[in-house]
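Below: one structure, written as structure tokens.
The values are calculated or read from the model by the stated rules, or taken from the named source; none is laboratory data. Since the structure is predicted, the reported quantities are computational estimates derived from the model, not experimental observations. We place every Cβ from the backbone using ideal geometry, glycine too, and count neighbours over all the protein chains shown. Just the protein is used for accessible areas: all its heavy atoms, side chains included, with ligands, DNA and RNA removed. Shrake-Rupley method; radii C 1.70, N 1.55, O 1.52, S 1.80 Å.
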Amino acid sequence: MPNKAVTFRPRAALKGCATGLAVSITVLAIACATNPATGKREFSLMSEDQEIQIGQSQDAEVRKEMGVYGDRALQQYVSDIGLRLAQLSERPNLPWHFTIVDVPAINAFALPGGYIYITRGILPFLQDEAQLAGVLGHEIGHVTARHASQQYSRSTGAQLGLILGSIFVPATRPFAQLGESGLGLLMLKYSRDDEAQADGLGVKYVARAGWDPDGIPQMLTTLGRIEEASDNKGVPNWLQTHPAAEDRVQRVQVAVRDAERGAESPAPPGSPAPRFRVEHDEYLKRMDGIVYGDNPDQGVVRGATFLHANLRFAIEFPPGWDVTNGQTQVVAREPGEQPVMLLQVIQRATGRTVQEVALRQMEGAGFRPLSGGRTTINGLDAFVGTYEGTLQDFGRAGIRAAHIVHERSVFLLAGIAPERTYQRLEPIFGKSLDSFRPITRAEAESIHPNRIDLYTARPGDTWQAIAERAGKGVVKASTLAIMNGHAVNDQPRAGERLKIVVAG
């Protein structure tokens, strides 16, 4: 865990870095240092040793909260590319680490000290090795320019571990983070200037390593297309933690042109002419078989059904509702409306019976029980009750909740609606509560993830036809287009090698 948070309130504005300055609440040294990536003198709230210490301590938390994608060969592939870039940066001696986290969101992020993470979810949307290098180079830039350490201090007061701990909803506040995902708390949001600088540094590192720097604006264009097609469901992604892509594409093109002009300059006698590489085919091979969307180890959404292979249960949410599988909660939301349903495991459940657990938790959270009783749901001991209370963004709300005992855990399954619409929704909530059921070992073992497959486009193929025929409608046609580097109104070219999603 990092040291305790420290803050400072200097009496006068700090306008220069000509002399050292000490400002303290207890004892806090503000170091005057040169930014290794920019050459500029600036104030630094932590030393390089502190950056490394923070990265090391929080790496374990990231791995615990998000999980590491279990493909060692793919992990090594990403790490090799990242290390090559890092060794060509201004801070090659940091203990660089590159990890694919097992998260379906489209994102990448960095911690101070050289710890870089890229989500499993972003990989299918990159077209080649150059674009992957661009993502990693961008995040390396945040570390080398000390953006990560600066934002870490501003955003978390050097206490990311406490934030990570709070991801798990406290037993006394079951709705404190309704519909939120802990993943967003790990994403440090940078200023536009920091992002532009990281884009430029990424271009420099990628070009130095011999990959095509044009992969960076290409990658940003893809992210912009995702933004246009996004409904903003699910866990926070790149689009919520980075500035809009359109403006960045134009700005980074200047750095790309400079890098390309440098590569075109005359080479020393006897040396090979410089050439940028893309490695499209090699990258496609690496994507073949990668998990797309939810991982069964963390639960999967199939239409309105949520199944969890490890915890061995299934539930049916209301048809047509949007279901999001978060890190600590599953949330179903009525499209365009406030009502939600949530499912989570109760942490530190206290009580001799499930009734005591339910009433203590709900009353401790400020919800008044109106009715309820002990029952069984598909053979499982349960307490189902109706409650009322006040929730942020809801006001006065009605809640129909079941506390269900299954394999030594207590699950909370609840439907929540504003008071004015609760009566309409109570029967719908009740039907979902009654659907919670254990699944057999054989059923659990039959749950397979959706995966990326490779497909060669035929003459006359459309994204819609491919999505329905080859992918059986697992993803939208527009998603397939974006995933393969096309605008949504383009169509695939005959003979083009494509990434598609096939059902598990």
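Does D490 satisfy the condition of being at pLDDT below 95, open to solvent by 50 Å² or more (accessible area, probe 1.4 Å) and closer than 20 Å to R333 by Cα? The answer is no for D490. I'm told T38 meets every condition in (1) modelled with pLDDT of 60 or more; (2) open to solvent by 80 Å² or more (accessible area, probe 1.4 Å); (3) among the polar types (S, T, N, Q) except one. Can you identify the failing condition by its number? Going through (1) modelled with pLDDT of 60 or more; (2) open to solvent by 80 Å² or more (accessible area, probe 1.4 Å); (3) among the polar types (S, T, N, Q) one by one, T38 breaks only (2). Scanning region 490-504 for residues that are hydrophobic (A, V, I, L, M, F, W, C), in a loop (DSSP other than H, G, I, E, B) and touching a residue at least 40 places away in the same chain (Cβ under 8 Å) gives a single hit, A503. Restricting region 358-388 to residues that are in a loop (DSSP other than H, G, I, E, B) and touching a Phe, Trp or Tyr at 6+ places or on another chain (Cβ under 8 Å), which is farthest from P318 (Cα to Cα)? Once the filter is applied, the top-ranked residue is A365. Entry remark, region 397-414: residues being in contact with a Pro (Cβ under 7 Å, 6 or more places away or on another chain) and either open to solvent by 20 Å² or more (accessible area, probe 1.4 Å) or more than 16 Å from Q355 (Cα to Cα) (or both) number 1 in total.
Results for (1) open to solvent by 30 Å² or more (accessible area, probe 1.4 Å); (2) assigned to a loop (DSSP other than H, G, I, E, B); (3) touching a Ser or Thr at 6+ places or on another chain (Cβ under 6 Å), shown as yes or no for each residue.
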residue: R348; (1), (2), (3): yes, yes, no
residue: E356; (1), (2), (3): yes, no, no
residue: T390; (1), (2), (3): yes, no, no
residue: I416; (1), (2), (3): no, no, no
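Can you confirm whether A365 is touching a strand residue (DSSP E or B) at 6+ places or on another chain (Cβ under 9 Å), touching a residue at least 40 places away in the same chain (Cβ under 8 Å) and farther than 18 Å from F429 by Cα? So A365 fits the description; yes.
Kindly check whether there is at least one residue in region 478-485 that is under 23 Å from T376 (Cβ atoms), in contact (Cβ under 8 Å) with a residue 40 or more places away in the chain and open to solvent by 30 Å² or more (accessible area, probe 1.4 Å). No, the conditions are met nowhere in region 478-485. Considered as a group, the residues in region 332-346 that are touching a Ser or Thr at 6+ places or on another chain (Cβ under 7 Å) and closer than 21 Å to K64 by Cα include one that is surrounded by the most Cβ atoms within 10 Å (Cβ to Cβ), and that residue is Q344. Among the residues of region 366-386, just one is under 33 Å from the mean Cα position of the chain (by Cα) and buried (at least 19 other Cβ atoms within 10 Å of the Cβ), namely F367. Residues in region 345-383 that are closer than 12 Å to F411 by Cβ and among the acidic types (D, E): D381 alone.
Yes or no, residue by residue, for (1) of a type outside the set (G, A, S); (2) touching a strand residue (DSSP E or B) at 6+ places or on another chain (Cβ under 7 Å); (3) within 23 Å of H406 (Cα to Cα):
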residue	(1), (2), (3)
V330	yes, yes, yes
G336	no, no, no
I346	yes, yes, yes
R360	yes, no, yes
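Residues in region 424-443 that are in a helix (DSSP H, G or I), open to solvent by 10 Å² or more (accessible area, probe 1.4 Å) and either under 14 Å from A314 (Cβ atoms) or touching a residue at least 12 places away in the same chain (Cβ under 8 Å) (or both): E426, I428, G430, K431, D434, S435, R441, A442, E443.
Picking from residues in region 447-496 that are of a type in the set (A, V, I, L, M, F, W, C) and over 26 Å from P217 (Cα atoms), the one that is nearest to the chain's Cα centre (by Cα) is V474. Scanning region 209-249 for residues that are modelled with pLDDT of 75 or more, open to solvent by 20 Å² or more (accessible area, probe 1.4 Å) and assigned to a loop (DSSP other than H, G, I, E, B) yields D212, D214. The residue that is most open to solvent (accessible area, probe 1.4 Å), counting only those in region 302-329 that are farther than 15 Å from R437 by Cβ and in a strand (DSSP E or B), is D322.
Within region 192-208, residues that are surrounded by fewer than 22 Cβ atoms within 10 Å (Cβ to Cβ) and part of a helix (DSSP H, G or I) sit with their Cβ atoms under 7 Å from residues that are of a type in the set (A, V, I, L, M) and modelled with pLDDT of 95 or more, at 6+ positions apart or across chains, in these pairs: R208/L88.
Yes or no, residue by residue, for (1) touching a helix residue (DSSP H, G or I) at 6+ places or on another chain (Cβ under 9 Å); (2) modelled with pLDDT under 85:
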| position | (1), (2) |
| --- | --- |
| M46 | yes, yes |
| I52 | no, no |
| E61 | yes, yes |
| M66 | yes, yes |
| A73 | yes, no |
| D80 | no, no |
| R91 | yes, no |
